[in-house]
Amino acid sequence: MAGEGAPRAVVAGAGGFVGTALRADLESQGFDVVTIGRSVSNPSHVSWGDTAALDAAVDGAAVVINLAGKNVSCRYTARNRREILISRTATTSALARSISRATTPPPVWINASTATIYRHATDRPMTESTGEIGEGFSVGVATAWEAAFFSPDLRGTRRVALRMAIVLGHGSALAPLLGLSRVGFGGRQYDGRWWAPREKRAAGAFHEYRPTHGRQMFSWVHLDDVLAIVRRAIDDPAVEGAVNVSAPKPVDNATLMATVRRAVGMPVGVPLRRWMIELGALGMRTESELLLKSRWVVPERLTQLGYEFRHPELAGAIDAIVRPAR
């Protein structure tokens with residue numbers, strides 16, 4: 001429980017999977033946490049529509065952390081695409097305006113970003129210094145998000161964009177893979193040809209076929225490391241700019257699914273073809289890109305800074321998640 005005079009942490013998007021854990025972690029460190037969201041539910045919560053309250057929360061804060069954004073696990077309809085983009089760029093711009101007006105601006109602002117900003121990569125890993133920005137809807141959202149974050153002139157505030165890989169933990173994106181594996185459908189996931197509406201293809205919101213043969217790369221990070229990296233970003237002035245938040249040992253899809261099967265004790269796994277993935281995604285109201293895009297991202301900057309991952313290996317990370325549930 002934070003006492004009087006405790007440093008203030010302003011957290012936007014604190015109700016999600018990462019945000020809920022982050023808020024608890026900050027409170028355990030003695031921060032007085034003020035949250036920002038779409039509705040007011042308690043005295044320490046600020047609405048996005050209340051500019052005066054937002055300015056007051058930011059002014060004098062020790063750190064501002066923005067995780068706000070519509071969940072991308074949805075169908076990429078025109079309406080959802082707009083909401084995914086605006087929920088990221090508008091909230092980031094609102095915080096930038098508040099920080100620019102602050103008498104005592106926060107010394108550090110940490111903003112979520114995504115490792116999806118890099119291209120579909122099967123030839124080499126993407127780093128902060130040599131990674132190539134991709135194309136399509138998801139990449140366009142990521143680049144617009146970072147532009148809204150880095151473009152304003154805020155010289156008194158150090159900024160860190162967390163290019164997060166898929167975050168693993170209880171209730172994370174790992175849950176559907178665990179469920180599939182338990183019922184025998186935990187084989188590798190194959191790309192293939194699939195039909196898409198012309199409008200969706202034109203918007204870059206469709207995963208184009210690439211013959212990866214179930215060897216698309218899977219970059220990931222455990223929630224424990226996300227929290228530790230945020231703590232490091234708050235305390236270490238050397239952490240600045242875009243930072244890949246991804247475990248140092250990404251794996252391919254075949255290895256991912258074999259690791260998940262071992263964790264749940266299922267010796268066999270039926271492979272999933274593109275048509276099966278598309279039908280499943282339709283039923284779950286999500287997109288096949290989340291499984292089929294090859295994300296090969298490594299944490300060059302964190303490694304240079306000497307950060308030691310709590311969960312560097314996928315098998316250990318998944319076991320740490322599955323074991324308590326047993």
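Tell me yes or no: at least one residue of the stretch 194-211 is assigned to a loop (DSSP other than H, G, I, E, B), within 26 Å of E313 (Cα to Cα) and of a type outside the set (D, E, K, R). No: zero hits.
The criterion of being closer than 25 Å to T255 by Cα and aromatic (F, W, Y) does not hold for F149.
Screening G171 on (1) in contact with a Gly (Cβ under 6 Å, 6 or more places away or on another chain); (2) surrounded by fewer than 23 Cβ atoms within 10 Å (Cβ to Cβ) shows it passes everything except condition (1). If you go through the stretch 251-265 one residue at a time, do you hit one that is in a loop (DSSP other than H, G, I, E, B), out of contact with any Cys (no Cβ under 9 Å at 6 or more places or on another chain), of a type in the set (D, E) and farther than 12 Å from F309 by Cβ? Checked against the condition, which is being in a loop (DSSP other than H, G, I, E, B), out of contact with any Cys (no Cβ under 9 Å at 6 or more places or on another chain), of a type in the set (D, E) and farther than 12 Å from F309 by Cβ, the stretch 251-265 yields no hits at all. Within the stretch 291-320, the set of residues being touching a His at 6+ places or on another chain (Cβ under 6 Å) and either in a loop (DSSP other than H, G, I, E, B) or under 13 Å from G169 (Cα atoms) (or both) comprises K293, S294, H311, A317.
Among all residues of the stretch 28-44, there is at least one that is surrounded by fewer than 18 Cβ atoms within 10 Å (Cβ to Cβ) and in contact (Cβ under 8 Å) with a residue 40 or more places away in the chain. Restricting G179, G187, G140 to those that are more than 30 Å from V58 (Cα to Cα) and either under 18 Å from the mean Cα position of the chain (by Cα) or in contact (Cβ under 8 Å) with a residue 60 or more places away in the chain (or both) reduces the list to G187. In this structure, M276 does not qualify as surrounded by fewer than 21 Cβ atoms within 10 Å (Cβ to Cβ) and touching a Ser or Thr at 6+ places or on another chain (Cβ under 7 Å).
Scanning the stretch 27-45 for residues that are under 23 Å from the mean Cα position of the chain (by Cα), under 20 Å from G69 (Cα atoms) and either among the aliphatic types (A, V, I, L, M) or at pLDDT 95 or above (or both) yields V33, V34, T35, I36. Considering only residues in the stretch 280-304 that are of a type in the set (A, V, I, L, M) and surrounded by fewer than 14 Cβ atoms within 10 Å (Cβ to Cβ), the one that is nearest to T212 (Cα to Cα) turns out to be L282. Taking residues in the stretch 304-321 that are small (G, A, S), and partners anywhere that are surrounded by 14 or more Cβ atoms within 10 Å (Cβ to Cβ), the pairs with Cβ atoms closer than 7 Å and at least 6 places apart or on different chains are A315/T259; A317/L168; A317/H222; A317/H311; A320/H311.
Condition check for K70 on (1) among the basic types (K, R); (2) touching a residue at least 40 places away in the same chain (Cβ under 8 Å); (3) touching an Asp or Glu at 6+ places or on another chain (Cβ under 8 Å): one failure, at (2). Has the stretch 197-215 got any residue that is over 25 Å from P271 (Cα atoms) and touching a strand residue (DSSP E or B) at 6+ places or on another chain (Cβ under 8 Å)? So far as the stretch 197-215 goes, no, none of its residues is over 25 Å from P271 (Cα atoms) and touching a strand residue (DSSP E or B) at 6+ places or on another chain (Cβ under 8 Å). Annotation note: of A233, A205, the sole residue that is among the hydrophobic types (A, V, I, L, M, F, W, C), crowded, with 16+ Cβ neighbours inside 10 Å and within 30 Å of R310 (Cβ to Cβ) is A233. The one condition from (1) within 30 Å of W194 (Cα to Cα); (2) assigned to a helix (DSSP H, G or I) that R215 does not meet is (2).
Quick grid of which residues meet (1) under 27 Å from V183 (Cα atoms); (2) at pLDDT below 95; (3) of a type outside the set (S, T, Y):
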residue	(1), (2), (3)
E240	no, no, yes
E278	yes, yes, yes
T303	no, no, no
E308	no, no, yes
L314	yes, no, yes
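Answer yes if at least one residue in the stretch 101-109 is within 20 Å of the chain's Cα centre (by Cα), crowded, with 22+ Cβ neighbours inside 10 Å and in contact (Cβ under 8 Å) with a residue 40 or more places away in the chain, and no otherwise. Yes, there is a match, as at least one residue in the stretch 101-109 is within 20 Å of the chain's Cα centre (by Cα), crowded, with 22+ Cβ neighbours inside 10 Å and in contact (Cβ under 8 Å) with a residue 40 or more places away in the chain.
Residues of the stretch 128-168 that are buried (at least 18 other Cβ atoms within 10 Å of the Cβ), within 30 Å of P107 (Cβ to Cβ) and either basic (K, R) or out of contact with any strand residue (DSSP E or B) (no Cβ under 7 Å at 6 or more places or on another chain) (or both): V141, A148, L154, R158, R159, R163.
The values are calculated or read from the model by the stated rules, or taken from the named source; none is laboratory data. Model, not experiment: these values are computed from the prediction. Here Cβ is always computed from backbone atoms with ideal geometry, including for glycine, and neighbour counts include all displayed protein chains.
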